[in-house]
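Q: Pasting a structure here, questions to come.
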Amino acid sequence: MLLPVVLLLRRAYLAELVWSALAARAAGVGHRRIGVVLSVPASTVRGWLRRAAGRLEAARTVFLQNAVTAGVDVQIPPSAGSGWADLVAAVTVAADSLSTRFAGGASSGAPSLALVAVAGSGGRLLSPGWPAPATAAGATPVDPDAASTQPEASRG
């Protein structure tokens, strides 16, 4: 089954609402206040924030990679001193890159940050196992055909 880009996998709330909670946390607002403002139970908001808190840097990396892939001359934002603010900045850069590349400019039809967060995560922004753990940098992949390309004398 395919989900529309306005929904997150395993979440009963629209992505715009979930993203609003994450952005509010980046601004320093607590889960109880966010819940009141969004009319969502505080325990639900706390769950979203806890799930996201455990992957802030990894998610930031994914969105910056998306931005670099889609954009030209992408400026990576410096750290804002908060994992939450860094995540929002990364999604903002990704949205700007997508807008520039596909919509002709950041001011004409820019996608919302929530839609970029959903699309960039494949709908799995708060799902277990996303983003996938990083693989070892510089690891050489194993080539099953390598044995057939060795000289006869070295095969034994």
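Q: If you check R50 against the conditions, is it out of contact with any Asp or Glu (no Cβ under 9 Å at 6 or more places or on another chain), outside any helix (DSSP H, G or I) and of a type in the set (K, R)? So that I can check it myself, show each step before the final result.
A: Working: out of contact with any Asp or Glu (no Cβ under 9 Å at 6 or more places or on another chain): yes; outside any helix (DSSP H, G or I): no; of a type in the set (K, R): yes.
The answer is no for R50.
Q: When you scan region 11-22, do you find a residue that is in contact (Cβ under 8 Å) with a residue 60 or more places away in the chain, closer than 18 Å to G122 by Cβ, assigned to a loop (DSSP other than H, G, I, E, B) and of a type in the set (K, R), even just one?
A: yes
Q: Show the residue pairs meeting these rules: Cβ distance below 6 Å; 6+ apart or different chains; first residue within region 66-91 and in contact (Cβ under 8 Å) with a residue 12 or more places away in the chain and in a helix (DSSP H, G or I); second residue surrounded by 12 or more Cβ atoms within 10 Å (Cβ to Cβ) and among the aromatic types (F, W, Y).
A: Once the first residue is in contact (Cβ under 8 Å) with a residue 12 or more places away in the chain and in a helix (DSSP H, G or I) and sits in region 66-91, its partners that are surrounded by 12 or more Cβ atoms within 10 Å (Cβ to Cβ) and among the aromatic types (F, W, Y) give A90/F63; V91/F63.
Q: If you don't mind, there's one more thing I want to ask. Quick check: is even one residue across region 73-92 closer than 25 Å to L3 by Cβ and in contact with a Pro (Cβ under 6 Å, 6 or more places away or on another chain)?
A: No, that holds for no residue.
Q: Moving on. Of all residues in region 102-147, which are surrounded by 14 or more Cβ atoms within 10 Å (Cβ to Cβ), outside any loop (DSSP other than H, G, I, E, B) and at pLDDT below 90?
A: Matches in region 102-147: none.
The values are calculated or read from the model by the stated rules, or taken from the named source; none is laboratory data. Not measured: the values here are computed from a predicted model. Using ideal geometry, Cβ is built from the backbone for each residue, glycine included, and neighbour counts are taken over all protein chains shown.
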